[in-house]
Structures are given as C-alpha cells and as structure tokens.
1. Filtering the stretch 133-144 down to residues that are over 17 Å from Thr247 (Cβ atoms) and buried (at least 22 other Cβ atoms within 10 Å of the Cβ), which residue is farthest from the chain's Cα centre (by Cα)?
2. Hey, can you tell me all the residues within the stretch 182-208 that are part of a loop (DSSP other than H, G, I, E, B) and either closer than 18 Å to Arg52 by Cα or not small (Gly, Ala, Ser) (or both)?
3. Can you list residue pairs whose Cβ atoms sit under 7 Å apart, with the first residue in the stretch 56-78 being closer than 18 Å to Ala109 by Cβ and the second being small (Gly, Ala, Ser) and modelled with pLDDT of 95 or more? Count only pairs 6 or more apart in sequence or on different chains.
4. When you scan the stretch 169-179, do you find a residue that is of a type outside the set (Phe, Trp, Tyr), touching a His at 6+ places or on another chain (Cβ under 9 Å) and under 14 Å from Leu250 (Cα atoms), even just one?
5. Report the residue count in the stretch 151-200 for those that are charged (D, E, K, R) and surrounded by 11 or more Cβ atoms within 10 Å (Cβ to Cβ).
6. Can you tell me how many residues in the stretch 56-76 are within 11 Å of Pro25 (Cα to Cα) and surrounded by 13 or more Cβ atoms within 10 Å (Cβ to Cβ)?
7. Scan the stretch 209-223 residue by residue and report those that are in a helix (DSSP H, G or I) and either of a type in the set (Val, Ile, Thr) or on the phi > 0 side of the Ramachandran plot (or both).
8. Within the stretch 77-112, restricting attention to residues that are surrounded by 11 or more Cβ atoms within 10 Å (Cβ to Cβ), β-branched (Val, Ile, Thr) and modelled with pLDDT of 95 or more, which residue is nearest to the chain's Cα centre (by Cα)?
Amino acid sequence: MKRIVPFHGQISKFIAESLSISYGPSGAGIGGGGGGNCSRACRLFSLCYAVRQERIYSGLSRMLQQHAKWGAVKLTRLAIAAFPTGKPLQWFRVSVDGSLPSRGSMSVASWKRFASLFTTLIRLALTAGARIHIPVETKGKARDYRTALKTLPDVVVRRSSQAKTAEAMIDEASVDDPSSFVCGPLHNGRVSADQKRANTEIAHAVAQQIRQSGKGLTAVVCPAVRDAEDNPSKCGRCTACSSASVTVVLYPFHG
C-alpha cells in the first residue's frame, strides 16, 4: 500500500505547478460513515461530484479517511514539513474534496493552533508564487477563516452560496463577501455533455443578472466545465476563484 501523503498531486487544476490539500471526505463519506467536515446545510452535500469520485477511486478515499483521522492540526503540520520549497507554483487549492473544519468542531486551544499552522501553510504557498483557492460552504466558516488569515490580506476565502435560487443569491451578495454559486438543475445522476452546455448557458444568464443588479457586483463563469478536448488544462488563464475583484464565481453544475 502506498504511503499516505498530505497533498494531492495535480488534481483540481490539472497542471504540474499546482498543489492541493483536503482535510477529509466529502458529504457524509463513503457509505454515510462520516469523517468529513462538510456542513449538511450545503446544497451539494449528497450531490457533490467529489462524493462520486471517492466511491470510484479507493486510493483517494483511503487518503481522505487518513487525513480526517490525523485531524487538522497534525495534517497541517505534516503539510508544512512536506511542502516542496524551491518549487514554483501557479496554484494552491484547499479542499479538492470535503471541506475545512469549522471553528466550533475544535476546542479554543486547538483552533488557535490550527489557525496559526494553516496561515503558515498558506504563506508558504504564496511565497512559492501560487494563487490561492480556498472554498468554504457556510457563512460562519467564511467569517472564521477570513479572520484567521487576516495577516494575508491578498488571500480570498470564497463562500459557496446556499441560496435556493439565483435571485436569492444576488439579493444576499455583496462586494466584500466573495462567493460562488452552482447553476443548473441539481440531481444525483450523470451530467451529460448537453446538460453541461445548458447549465453553462444558465450560468452566463445569471452572470448578466449579477452585473445588472445595480449593486456593483462582478461575476465570472468558471471556464473549467467544458469537454476535455476543448480545455485540457482546466482553468487555463482564469484566476477568478482567487481574485477579490470577482464577487461571484458561477459554476455550471457538472455532477
């Protein structure tokens, strides 16, 4: 069996100059066994693509279960020790699978230790030249991680909106609260190429609504959700997830 390591490989951004870390499994975990940090308030708790990935790839599932068993403090210490210093990075992604732990799931002392270590890890990635992608799924996590990373003002913690409609999402959006929203009908089955294209059209229409809302909001539709032959490098030159100037990143639902 392979040794469990703190980082993913190229997964998420699909370029060699990227590094990613996940703190546990997605949703309720394989077989509903838990072990992850995802809030049940998330619209995608049982529909996330990552849940299906973890069912398919047993090695990924084992890694995530081990990360959860280590806990956030130990995993982050291991990640700092294993960080590839001297290697230039374009991206550092947090939570390819699962989510970051909530402050409420830790003691006060453990949260302080973790917040300090997590800040050190993100600082290492910034020093390597990486853009930082940190998604969270609740307003509480967004508040707590933004506070934890306040010494790194260029780092964006992007909150996933749990609004049930695009209109409700736009109503709650504000320029000082970078967020994201998943567009298109949500379901548990396979998403065909035609459905992805339709969901992308929906996302572009929502982007127009956001820009015309009169609230000074900006919006970008994620370019990664395309057929592989059109976009083998996923993000391409897009850096919206890491940019404070982008209020809302729209993800066409891709299953």
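1. This residue is Lys141.
2. Pro185, Leu186, His187, Asn188, Gly189, Arg190, Val191, Ser192, listed by residue number.
3. Here the result reads Val73/Ser110, each pair linking the stretch 56-78 to a residue that is small (Gly, Ala, Ser) and modelled with pLDDT of 95 or more.
4. Scanning the stretch 169-179 turns up no residue that is of a type outside the set (Phe, Trp, Tyr), touching a His at 6+ places or on another chain (Cβ under 9 Å) and under 14 Å from Leu250 (Cα atoms).
5. Residues in the stretch 151-200 being charged (D, E, K, R) and surrounded by 11 or more Cβ atoms within 10 Å (Cβ to Cβ): 9 in total.
6. Matching residues across the stretch 56-76 total 9.
7. Scanning the stretch 209-223 gives a single hit, Ile210.
8. Across the stretch 77-112, the extreme among qualifying residues is Val94.
The values are calculated or read from the model by the stated rules, or taken from the named source; none is laboratory data. Note that this is a predicted model, so its numbers are computed, not measured. For neighbour counting, all protein chains shown are included, and Cβ atoms are generated from backbone atoms with ideal geometry for every residue, glycine included.
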